[in-house]
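Just so it is clear, none of the values below were taken in a lab; they were calculated from the coordinates. Bear in mind that the values here come from a model prediction, so they are computed numbers and not experimental data. Note that each Cβ is placed from the backbone with ideal geometry, even for glycine, and that neighbours are counted across all protein chains shown.
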Amino acid sequence: MCITSHYHCYRNYFAQEFRESSATSLAALLETKDEEEKHQLCMKENEEWNKQVALLREQRLIRLQEAREESILAKKIAFEERQKERLEMAEQLVREEKVISQ
């Protein structure tokens, strides 16, 4: 065998290895790019979902606050009515005692 044919064999071998390596690298690069695009899409979807959840949470908290305020107001009104009834009963007792004592 001639040195030139060995040279050609090595050259062909390394050229083939380079092509395969380049194709693999390109495929890996494209796959990485595709994964990055999918990741960005997922991040965007997640961000939108988080906004929706935050809006729902805010609406729920507003409803809870309104319900709490209504409950407090109802308790306050009920307390004031009981106080008014007690005062009226006390005034009635005083009037009755005045009538009895006269």
> When the Cα atoms of the stretch 30-77 are enclosed in a convex hull and the volume is divided per residue, what value in Å³ results?
Replying inline: 32
> Given a Förster radius of 22 Å and the C-beta distance between residue 67 and residue 88 as r, what FRET efficiency does 1/(1 + (r/R0)^6) yield to the nearest 0.05?
Replying inline: 0.10
